[in-house]
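Read the structure below first, then the notes.
The values are calculated or read from the model by the stated rules, or taken from the named source; none is laboratory data. Remember, predicted model here, so these are calculated numbers, not experimental data. Cβ atoms come from the backbone with ideal geometry, glycine included; neighbour counts cover every protein chain shown. When the accessible area is computed, the model is the full protein with side chains, heavy atoms only, and any ligands, DNA or RNA have been set aside. Shrake-Rupley method; radii C 1.70, N 1.55, O 1.52, S 1.80 Å.
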Amino acid sequence: MAVQLPEMNLVLLSPEILLSLVAMGLLLMSAWTGKESRGVIGMITLSGIVLAAVVLAGLSSATPSITLGGHFVDDRLARAMKWLLLIATAFPLLMSRDYLAQRGLDSGEYYVLTVTALIGAMAMVSAGSFLVLYLGLELMSLSIYVLAAYDRDHLPSSEAGLKYFILGSLASGILLYGVSLVYGATGSTVFTGVAQAIKAAEHISPVLLLGAALVVMAISFKVAAAPFHMWAPDVYEGAPTSVTAFIAVMPKVAAFTVFFRVLLEAFGALQGHWAPMLQLMAVVTLAVGSLGAIAQSNIKRLLAYSSIGHVGFLLIGLTTGNQLGHQSVIFYLTTYLFMSFGAFCVVLVLNRQGIGDQIGDYAGLAKKRPLLAFVMAMFMFSMAGIPPLAGFIAKLYVLMAAVKAGLLGLAVISVIFAAIGAFYYLRIVKIIYFEAAEQSFSMELSVSHRIVLGVSAILVLVLGIFPGKLLDWSLASVQALL
Amino acid sequence: MLSLVTFLPLVGALVIFFAVKDNPKLVRYLAMGISLLTFLVSLLLLKGFDNSTAAFQFMEEAAWLPAYGITYRMGVDGISLPFVLLTALLTPICILASWESIQTQVKGYMVAFLALESFVIGVFCALDFILFYIFWEAMLIPMFLLIGIWGGKNRVYAAYKFFLYTLAGSVLMLVAILVMGFKGGTFSIPALMGMPFSFALQVWLFLGLFSSFAVKVPMWPVHTWLPDAHVEAPTAGSVILAGILLKMGAYGFLRFSLPILPDASRYFVPFIFALSLVAIVYTALVALMQKDLKKLIAYSSVSHMGFVTIGLFAYNQQGLEGGILQMVNHGVVAGGLFLLVGVIYDRMHTREIARFGGLAQRMPVYAVIFMVFTMASVGLPGTNGFIGEFLILLGAYLANKGVAVVAATGLVLGAAYMLWMFKKVLFGVVRNDEVAALKDMSMREIALFVPLLILVLWIGFYPAPFLKMMHASVEQLLIQANTIKAGSAAIAMF
């Protein structure tokens, strides 16, 4: 009996293959070269990412298709999210170059792990089956665990890594268990196969429901949705700031894409079951995000709670079950990406001068560095959802989707928490603008900081006023899902 | 043209922020020039405005987010034009008033002020609900910074309170707007005016909008942010707050609640009347007890805005026109009073009524101007306050006699606290050295009041042109407000 190999269209995998080669090359380079070549490794990593972007752009002419026997999907959604992932990897690298050099963290492995995390995330967004999903998730997660603990002479960093690892492994275990239950109930790990089996079944078996619930829980852990958010504040605070910026955005982009795939492609027929669960989670997440942040004095912890709050909004967009909601999730993720990186970049810039992560240290920034303070205020107002900034349009579309789906109660709850959330964003603005300056704030901005801040600030403003193009793009990337 | 008026200040603000070095003098002159230019353009609007029609004029439309019927749509009618003009007039006055009192971060101050002007004019011109909301909310940012950076001792608390009160109200409005948009299939305000909504839905939508407008007006019991914000804001900030921001709430009732949700608006008339009466009487009593000049005027603002809401919900021509006119009047008069407080605050750095006394002997010009504004605030015939309050009371009398009687007591109380304050501050003997050393107003300061004084007396003696401007629009609004959109059976069932 001849072994039948599934058709393999490796061209569709070319960005991932390219990045794998880059990762291996970097690993060899960092083993053979000394300290003096460290700057070069960073540059090579960035060029690798740019090259992957070029390849990705080249792919866009190919018709969306499925390969490797349904395990690998290359559709509009995957491509769109890969763009976000590339940006979400490049930006933290760009803005943390000095930070890493200052702390002696810029050894080759840092870059290798960043790239492998990226590959894992790219596999996740292209996953057509639970197998690839699991592989991608583990590759990404394991790389990130190590990155979180990368500053090994710094106790909180090791603690963050360990905490992340233990809780993350638990989540992975839950995912595996859930997948095995789903497999038991449907006989397939491929999303489309699962969907067909559910449709064909006469009644929905409790085993399947349990499996689906476990899968949803595991992914919720990755996006830090409450009540699976416990790790986030500690990890955000303990990890090196460059890593925090990375894990604040990249895994979320990947995990939300996985939500799309799993919930809509595999468990689409179970929407009546998972939607209420996610809605309840959204409410709890919003509450935790906006109430938890109020008492925080550490900017990284505050941003952790803030990201939890944003996840609450994203979950609402996801549960509406209409195209507007899915579109709003993509749009929200994109704006969240730029707002977060903008805010983290300001934190990193101030870090250069030895200004720590205490929000109180930022007092009076506006008096010394008006432009830097202005962009930080812009990111904060945008996160709070005040027009005319991008964060407002993002929230507006989520709300529109919720209203369209008739989830009025959810819409009202979410806006109330958004108003409460505004309080702590305002607090940062207050400290920056209303208090007397205690520091000299004489640090210089490197070129890469200027690029990241400039791009983020301009996009946050422009996407707030002319969001049309990005909205179209978001719509196009989710259209094939339904 | 409308876009020009709306965005000219914002463009100016951006130019100042990015292109001008931190040179206070240059920044002041630039800001002044930009705001004057805006005022001139707004006068062109007035010139081109056709009084005889109720239709929206100077319409501008551009596709913005076409997928969900969100359009960039601007236009003014006889109801919104007065407020556009008022904003354009008050901003240069405010900038002039801040000429010397603002010495720190002049650039930031002027930028925030011009941005504020842009957003506020945008609120009055927007004819798309989402666009309206964007202006409505965007306005919070510059105002938050104005109070928080250049305000008094307790400025941070006041800035927070202002921002969070307003935001909490507004987000509920946003949900109501979205529901309206989806039920009506469009966010166009003129189109929504003709949309029949069921009564139950109207009630909910009304409450959603009410939560935002009531905070802004402010109506009792959500008025408590106002005294704090007023007291802590810099003089010009108080002027803009009293003169324009408070009008946004009442304008919201006029533009949205009455025409789009007529049945619910009628249903809630007793509720609005009750809150307004409490505001008129209760805050007037509170004003009687104030020791701080600004606080007194702030509470009087709440009381006066109570009159306005009664006029708007009286459902007749007199009440509505009186209400709109009184909004303009209050903008002029309260603005003037805050400027007057600013003048002595710049000299004595106190606002405590007990510290003054005998100012009239030292500052005769100041005393005369102060008197005119006090009389206008009290509603003396011959000043604009009389016309507005008279029309409102007439309207209220036609609608509900009891309401008119209770509201009238507010006038008596208003006279009591204003005259008491006037006497304490200006008359009597000079008792302290600080007052003895006071100089009368400079030419710059007098120039602040000239346009306001002209308006006080002009509207007081010959209000016809102002009423004519809004006449056609008010008539149409009355027709819209009196239509029954939901079947009467539905209302009875509710």
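For this structure, a couple of remarks:
- The mean number of partner chain beta-carbon atoms within 10 angstrom of a residue's beta-carbon across peptide B:173-179 is 6.
- Inter-chain neighbour count for A:144-150: the average number of beta-carbon atoms from partner chains within 10 Å of each residue's beta-carbon is 0.
- In order along the stretch B:26-33, phi translates into HN-Hα couplings of 4, 4, 4, 5, 4, 4, 4, x Hz, rounded to whole numbers, per the Karplus curve 6.51 cos²θ - 1.76 cosθ + 1.60 with θ = phi - 60° and x for Gly and Pro.
- Proximal charge balance of residue A:303 [Cβ under 10 Å; K/R count +1, D/E count -1]: 0
- Size of the B/A contact, given as accessible area buried on both chains, probe 1.4 Å, in Å²: 3100 Å²
- Counted residue by residue at 0.36 nm each, then reduced by the alpha carbon distance between them, the extension gain from residue A:135 to residue A:5 reaches 44.8 nm.
- Oblate is the label for chain A, because the ratio a/c of its alpha-carbon gyration tensor axes (a ≥ b ≥ c) is 1.5 or higher and a/b is not greater than b/c.
- With Cα atoms defining each centre, the stretch A:17-60 and the stretch A:154-171 are spaced 27 Å apart in the structure.
- Cα gyration tensor shape of the stretch A:337-451, rounded if a/c is under 1.5, else prolate or oblate by comparing a/b with b/c: prolate
- Global geometry of the stretch B:95-219, whether rounded, prolate or oblate, following the gyration tensor of its Cα atoms and the 1.5 cut on a/c: prolate
- Averaging 1/r over each pair of different alpha-carbon atoms in the protein assembly as shown and inverting the result gives 30.0 Å, the Kirkwood hydrodynamic radius.
- What chain A shows is 34 Å² of accessible area per residue, with the surface traced by a 1.4 Å probe over protein heavy atoms.
- Only one residue of A:432, A:287, A:477 has its Cα farthest out toward the positive end of the dipole of the stretch A:267-482, where Lys and Arg carry +1 and Asp and Glu -1 on Cβ, and that residue is A:432.
- The stretch between residue A:437 and residue A:21, if pulled fully straight at 0.36 nm per residue, gains 144.9 nm over its current Cα-Cα span.
- Between the stretch B:375-423 and the stretch B:93-131, the Cα center-to-center distance that results, in Å: 31 Å
- Cross-linked pairs A:430/A:469; A:368/B:21; B:216/B:295; A:222/A:300: Cα-Cα separations exceed 26 Å for A:430/A:469.
- Options A:30, B:138, B:46, ranked by Cα towards positive dipole end of the protein assembly as shown, top entry (Cβ charges): B:46
- Tilt relative to chain A, helix A:390-404 - C-alpha long axis, 0 to 90 degrees, to 10: 30 degrees
- Rounded to the nearest 20 debye, the dipole size of chain B about its Cα centre is 780 debye, using +1 on the Cβ of Lys and Arg and -1 on the Cβ of Asp and Glu.
- Take chain B with all the other protein chains still there, run a 1.4 Å probe, and you get 33 Å² of accessible area per residue.
- Basic side chains Lys and Arg get +1 at the Cβ, acidic Asp and Glu get -1 at the Cβ, and with that the dipole of the stretch A:267-482 about its Cα centre reaches some 140 debye.
- Cut-off 15 Å between beta-carbons: net charge of the residues surrounding residue A:223, Lys and Arg +1, Asp and Glu -1: +3
- Across the stretch B:132-269, Cα pairs under 8 Å and at least six residues apart give a relative contact order of 32 percent.
- Using a Förster distance of 45 Å, the FRET efficiency for residue B:11-residue B:458 (Cβ separation, nearest 0.05): 0.90
- On Cα atoms only, tilt of A:130-148 relative to the major axis of chain A in degrees: 20 degrees
- Charged side chains reduced to their Cβ positions (Lys and Arg at +1, Asp and Glu at -1) give the protein assembly as shown a dipole of some 1480 debye around its Cα centre.
- Percent accessible area from carbon and sulfur atoms, the stretch A:267-482, protein chains only, probe 1.4 Å: 64 percent
- Near residue A:420: Cβ cut-off under 15 Å, other residues only, Lys/Arg at +1 and Asp/Glu at -1. The net charge is +3.
- Estimated from helical segments only, the mean residue ellipticity of chain A at 222 nm is -25000 deg cm²/dmol, where each DSSP H run of four or more residues counts as -39500 (n - 2.57).
- Residue (of B:322, B:72, B:177) at the positive-pole extreme of chain B, dipole from beta-carbon charges: B:322
- Burial annotation for the stretch A:360-392: residues with an accessible-area loss of at least 20 Å² between the isolated chain and the complete set of protein chains, computed on heavy atoms with a 1.4 Å probe, are A:367, A:371, A:374, A:381, A:386, A:387, A:388, A:392.
- Chain A: relative contact order as a whole-number percent, Cα under 8 Å and 6+ apart: 14 percent
- Per-pair calculated FRET efficiency, R0 = 35 Å: residue B:204 and residue A:176 via Cβ, rounded to 0.05: 0.15
- With Cα atoms, 0 to 90° folded angle of helix B:140-150 axis to chain B main axis: 10 degrees
- All C-alpha pair distances within the stretch A:267-482, sorted into 10 Å bins from zero, spread as 9, 34, 33, 17, 6, 1 percent across the bins.
- Sorting the segments B:330-343, B:69-82, A:58-71, A:159-172 by their residues' average number of neighbouring beta-carbon atoms within 10 angstrom, most packed first, yields B:330-343, B:69-82, A:159-172, A:58-71.
- Loop-located trypsin sites (Lys or Arg not before Pro) across the stretch B:1-70 with a Cβ neighbour count of 13 or fewer within 10 Å are B:21, with loop assigned by DSSP.
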